[in-house]
Amino acid sequence: MAKQLAFYLNAGACVGCKACMIACKDKNALPVEINFRHIVEYEGGSWMFRDGFAIPCNVYGYSISLSCMHCQEPACVENCPTGASFKREDGVVLIDQAQCIGCRYCEWACPYGARHYNEATHTMTKCSFCQDLLAKGENPACVDACVMRALDFGDLSELRAKYGMVNAIEPLPPSDLTKPAWVVTPHPDAARSGQGTGAVREEI
């Protein structure tokens, strides 16, 4: 397999502190309404009522840190009418701002909500995998900011060899849509995509 840079998340270790989100926002000087990385909080379970008391039964919750998945088959690139969205040789998906016309087709095509329209520039924006830091041999800002060391990155094949093959858990869409370059160690209570009984509590 050709080189494909990818992110890794240990969903059992992520505490939803949003340090990765803030580091990304600061690194990219993003406006208030745009976050290239965001946190999804998912929870489920039920309550049992006895003698006037509510007793939690199988209650669970976990957080997922998400950004662009730099998919192996990116729908955003396929649906871009100008060729502004493209995939580099190392697998990183980028946007050529000079060619982007802000039509938002890529935003509608992305199943992860990773594309963002910038009102000031009238173009689309997204996670660039901190390509400037990678060029200097440094880590993406989100990875270094994670206080629980729940985030990692590297070549997809190496991440799979180290952490396994799982790349889709609730509440994310099935991985066969775009083949995300992402590996996750599921939270103990996580279900496969499409098989969960919980709900998204908060997405920031």
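Readers should treat all values here as calculations from the given coordinates under stated rules, not as data from a laboratory. Note that the structure is predicted; figures quoted are calculated from it, not measured. Methodologically, a virtual Cβ is constructed for each residue, glycine included, from the backbone with ideal geometry; neighbour enumeration extends over all protein chains shown.
What is region 109-204 by shape, rounded, prolate or oblate, if you read a ≥ b ≥ c off the alpha carbon gyration tensor as root eigenvalues and call it rounded for a/c under 1.5, prolate for a/b larger than b/c, and oblate otherwise?
On the way: a/c = 1.75, a/b = 1.17, b/c = 1.50.
Verdict is oblate for region 109-204.
Think of it as helices only: each DSSP H run of n ≥ 4 in the chain is worth -39500 (n - 2.57), and spread over all residues that comes to -4000 deg cm²/dmol at 222 nm. If Lys and Arg each add +1 and Asp and Glu each add -1, what is the summed charge of the other residues whose beta carbon sits under 12 Å from the beta carbon of residue 74? Net of charged neighbours comes to +3.
With charges set only on the Cβ (+1 for Lys and Arg, -1 for Asp and Glu), what does the dipole of the chain come to about its Cα centre, in debye to the nearest 20?
Here the chain has a charge dipole of around 160 debye.
For region 1-57, the set of GluC sites (Glu not before Pro) satisfying both a DSSP loop assignment and a count of at most 10 other C-beta atoms within 10 Å is given as 33.
Can you give me the Kirkwood hydrodynamic radius for the chain, using every pair of distinct Cα atoms, in Å to one decimal? The answer is 17.8 Å. Counting Lys and Arg as +1 and Asp and Glu as -1 over every other residue whose Cβ lies under 15 Å from the Cβ of residue 141, the net charge comes to +2.
Computed over the chain with a Gaussian network model linking Cα atoms closer than 10 Å, the most mobile of 59, 166, 184 is 59. Charged neighbours of residue 194, selected by a Cβ distance under 12 Å, balance to -1 (K, R count +1; D, E count -1).
Extension gain for residue 29 to residue 15 (0.36 nm times residue separation, less C-alpha to C-alpha distance): 2.6 nm. Each of 194, 161, 123 was placed along the dipole of region 73-204 (beta-carbon charges, centred on the mean Cα), and the one lying farthest toward the positive end is 194.
So for the chain, averaging the separation of alpha carbon pairs under 8 Å that are six or more residues apart and normalising by length, what relative contact order in percent results? List each step's numbers first, then the result.
On the way: 414 pairs, mean separation 65.0, N = 204.
The value is 32 percent.
If a/c stays under 1.5 just call it rounded; otherwise compare a/b with b/c (prolate if a/b is bigger, oblate if not). Do that for region 28-113, with a ≥ b ≥ c from the square roots of the Cα gyration tensor eigenvalues. It comes out prolate by the Cα gyration axes. Residues 53, 129, 153 in ascending order of nearby Cβ atoms (within 10 Å, fewest first): 53, 153, 129.
What residue among 49, 82, 39 has its Cα farthest toward the positive end of the dipole of region 1-87, where the charges are +1 on Lys, Arg and -1 on Asp, Glu, each on the Cβ? Final value for the positive-end residue is 82.
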